[in-house]
1. So, GLY143, is that one touching a residue at least 24 places away in the same chain (Cβ under 8 Å) and at positive phi or not?
2. Could you list, in sequence order, all residues of the stretch 208-226 that are over 15 Å from ALA291 (Cβ atoms) and among the hydroxyl-bearing types (Ser, Thr, Tyr)?
3. Criterion first (over 18 Å from GLY202 (Cα atoms), out of contact with any Cys (no Cβ under 9 Å at 6 or more places or on another chain), part of a helix (DSSP H, G or I) and modelled with pLDDT of 95 or more) does GLY100 satisfy it?
4. Within the stretch 136-167, work out how many residues are within 18 Å of ALA310 (Cβ to Cβ) and out of contact with any strand residue (DSSP E or B) (no Cβ under 8 Å at 6 or more places or on another chain).
5. Given the options VAL293, VAL265, VAL333, name the one that is among the β-branched types (Val, Ile, Thr), more than 22 Å from GLU125 (Cα to Cα) and at pLDDT 95 or above.
6. Out of the helices (runs of 4 or more DSSP H) lying entirely within the stretch 124-207, which hold 2 or more residues that are in contact with a Cys (Cβ under 9 Å, 6 or more places away or on another chain) and more than 30 Å from ASP296 (Cα to Cα)?
7. So, of the residues in the stretch 212-269 that are assigned to a loop (DSSP other than H, G, I, E, B) and on the phi > 0 side of the Ramachandran plot, which turns out to be surrounded by the fewest Cβ atoms within 10 Å (Cβ to Cβ)?
8. Out of (1) surrounded by fewer than 21 Cβ atoms within 10 Å (Cβ to Cβ); (2) assigned to a strand (DSSP E or B), what's the single condition that is false for ASP319?
Amino acid sequence: MPGARGPRRPGRALTALLCAVTAAGLYGCSGSGPPEPTPTPTRAPTTAPAPATPSGVSPLTGLPARPGPVLAVKIDNVAAARPHTGLGAADLVYVEQVEGGVTRLLAVYSSRLPDSIGPVRSARESDLSLLRPFGHPALAYSGAQRALNPLLSAAPLDLVSESTAPGAFRRSSDRPAPHNLYLRPERALAAAPDASDVRPIGLRFGPAPAGGTATGTETVRFPAARYTFTWSAADRGWRVAMDGRPATSTDSGPLAPATVVVQRVTIRPSAFHDVTGAVSPYTETTGSGTATVLRDGRAYEARWSRPDPAGGTSFTTPDGRPLAFAPGQVWFVLAPR
């Protein structure tokens, strides 16, 4: 069962403890790169405490759900990888820039698991920071750059890959490699007994705040990718288009998250590169900055704040009031400032 728990593996627990004690940070166990800098805010950010979540309600969607372990999956997102499978069932979807200015997705599941998720691709350094607020989640991925593997092993993650859990993956015959690797999420969680249950990460859900601007469409551009979100009253969500084409999931149809957060962040070169020598970008999600929150057909200007690398991110109105999201799936587009 996906919610089953086994005893903690002493090796990984000890590694994580030593990492925390010796370095008090993400990089201390490997020495592979510098710690993520803390940006200097232009104004003092308002950090709201993580809200209490009512019993039986997911802290990731604001919808009724049974508590379960967290499974994060790294998903391919070039044209050859579309349409995706299982993406409509995710609680959260993060859009990250990778080499060449294209993007990949980090989808987070807890409330429900589809039969299949994919196509699955490799992890990046930015994923480690994004996943810290979730505790000790499972991360399913297809591999990583060799120099990044020590950081992945030292992070508080239950790692699920073809090498550690081959039975959790399958190859599809209808697409060429590397865009044909799919995850069986039930088997992935069975191979990740240490994956922690879902917990609050700072998000708030509820009625729409006052104000905002009526908005039908919002477009976000990366160097080599483009996302357009179009409000659909019938779906009570924002229809997603990628590079000008409607985005769908093979098992659930059009993608239409209830809330879209365009989070403006710093994207800088990392210490890693891919097999072609292209430097991997690093997306900084600790610190503070501005955002645009799309919900209920309106756009709200906001500020985001995450002063603690191990803590969640709060979103507030410009005058410091907590900004509630619409219950349902949330997309975070980590856009260049």
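The values are calculated or read from the model by the stated rules, or taken from the named source; none is laboratory data. In this text, all values refer to a predicted model and were calculated from it rather than measured experimentally. Here the Cβ positions follow ideal geometry from the backbone for every residue, glycine too, while neighbour counts run over all protein chains shown.
1. Details: touching a residue at least 24 places away in the same chain (Cβ under 8 Å): no; at positive phi: yes.
Here the answer is no, as GLY143 does not meet what is asked.
2. Result: THR217, THR219.
3. Numbers: over 18 Å from GLY202 (Cα atoms): yes; out of contact with any Cys (no Cβ under 9 Å at 6 or more places or on another chain): yes; part of a helix (DSSP H, G or I): yes; modelled with pLDDT of 95 or more: no.
When the stated conditions are applied, GLY100 does not pass them.
4. Of the residues in the stretch 136-167, 4 are within 18 Å of ALA310 (Cβ to Cβ) and out of contact with any strand residue (DSSP E or B) (no Cβ under 8 Å at 6 or more places or on another chain).
5. Numbers: VAL265 fails: more than 22 Å from GLU125 (Cα to Cα); VAL333 fails: more than 22 Å from GLU125 (Cα to Cα).
Being among the β-branched types (Val, Ile, Thr), more than 22 Å from GLU125 (Cα to Cα) and at pLDDT 95 or above holds for just one of VAL293, VAL265, VAL333, which is VAL293.
6. Details: elements: 125-131, 149-154, 185-190.
Those helices (runs of 4 or more DSSP H) span 149-154.
7. Just the residues of the stretch 212-269 that are assigned to a loop (DSSP other than H, G, I, E, B), to begin with: 212, 215-216, 223-224, 233-236, 243-244, 247, 250-252, 255-258.
With on the phi > 0 side of the Ramachandran plot added as a condition, the list becomes 212, 236, 243-244.
Details: GLY212: 19, ARG236: 15, ASP243: 16, GLY244: 8.
My answer is GLY244.
8. (2)
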